[in-house]
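A short worksheet on the structure shown next.
The values are calculated or read from the model by the stated rules, or taken from the named source; none is laboratory data. Here the structure is a predicted model, which is why all the values come from computation and not from measurement. All Cβ positions, even for glycine, are placed from backbone atoms using ideal geometry, and neighbour counts span all protein chains on display. Ligands, DNA and RNA are stripped out before the accessible areas are found, and what is left, the full protein with its side chains, is counted by its heavy atoms. Shrake-Rupley method; radii C 1.70, N 1.55, O 1.52, S 1.80 Å.
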Amino acid sequence: DELLVLPTREGVTSSYWWMPRNNAKANLVLLSGGSGGIGYRNGTPQSSNFLIRSREHFATGNPEGNFNVALMGNASDMRQLDPSLRARSDHVQDIAAVVAHIRAKNKAPIWLVGTSQGTISAAAAAIELGDKLDGIVLSASFTAFKTPTSVPKQAIDKIRVPVLIISHEKDRCNVTRPDENKYIIDGLKNARVKKLITLSGGHDPTGDECEALHWHGFINYEAQASIAITDWILKPSP
């Protein structure tokens, strides 16, 4: 596993932590929440974000097969992402460059997996990149209608690739309410396949309800959540 840095726009570089695995069924590009990034310190990603801390579960935790995993870092000119930046075309261009870099390595399908604010990025990329992606996963989706770039307020009717929406039933974060996922499902009018999954396991949530170690981040249910996601990626169905 290694940190790769590549030019993604004029004068701008982006990095991603690359985890190739033998006989991978697909490539997963993980888009963390909050201000983004992977918490890279002392040579490894150390963010407690659900996707970042669960990376090995995604890579090798599914009995049906392995996955190549890319943890998307922030661009050199966007060290702190926010909901507005995540929907901008230059941010999507950074994602597209990473997708193209991975596509040159292997021919396996490429899926974006976003969580919380990372779902804004995943939706924006799916709208703009179209069939350059094979599908997206929206975990603890950012649904707040007061935010102009929230997932339901984007032009998600333009998304045609398969979409999985997955949440924890006890997520009480006020911008990722599970009951508002219905607005995403309704808006995905042209997705080839779409599915809503609600999970209920885990234990011992701590801290803020909108942070990674609460139900919002599938606390102590990471392995099961990752398998639910990768199972669906292998066989998307309504």
#### Entry: Accessible-area composition of the chain, carbon plus sulfur, in percent [1.4 Å probe]
46 percent
## Note on the structure
In vacuo Debye sum over C-alpha of the stretch 4-129, base-10 log of normalised intensity I(q)/I(0) at q = 0.22 Å⁻¹, listed in q order, is -1.38
### Query
Short version: ³J(HN,Hα) in whole Hz for each residue of the stretch 100-115, in order, from phi by Karplus 6.51 cos²θ - 1.76 cosθ + 1.60 (θ = phi - 60°), x for Gly and Pro, what are they?
5, 4, 6, 4, 6, 7, 7, 9, 5, x, 10, 10, 8, 10, x, 10
#### Entry: Top of Ala228, Ala125, Ala212 by mean-square fluctuation, Gaussian network on the chain, Cα under 10 Å
Ala228
### Task
Note the listed values [x] 13.0; [y] 14.6; [z] 11.5, then indicate which one is mean projected area of the Cα convex hull in nm² calculated from this particular structure.
[z]
### Query
What net charge do the residues around Val12 carry, taking every other residue with its C-beta under 15 Å from that of Val12, with Lys and Arg at +1 and Asp and Glu at -1?
-1
### Task
Rounded to whole Hz and in sequence order, give me ³J(HN,Hα) for the stretch 231-238 from the Karplus expression 6.51 cos²θ - 1.76 cosθ + 1.60, θ = phi - 60°, writing x for Gly and Pro.
4, 6, 4, 5, 9, x, 8, x
### Message
Using 18 Å as the Cα-Cα cut-off, could you pick out the over-long pairs in Lys146/Lys194; Lys107/Lys132; Lys132/Lys195; Lys158/Lys194; Lys107/Lys194; Lys25/Lys107?
### Response
Lys146/Lys194; Lys132/Lys195; Lys107/Lys194
#### Entry: In sequence order, calculated HN-Hα J values of the stretch 13-28 (Karplus, 6.51, -1.76, 1.60; Hz; x Gly/Pro)
10, 10, 10, 8, 8, 9, 10, x, 10, 4, 6, 5, 7, 6, 9, 10
### Query
In Å², what does the accessible area per residue of the stretch 83-159 work out to with a 1.4 Å probe?
34 Å²
### Message
What number results when the radius of gyration of the stretch 79-186, computed over Cα atoms, is divided by 2.2 N^0.38 Å?
### Response
1.03
### Task
Pull up all non-local amide H partners of Ile166: gap of 5 or more, or a different chain, and H-to-H distance under 5 Å with H placed in the peptide plane.
Leu138, Ser139, Ala140, Ser141, Ile197
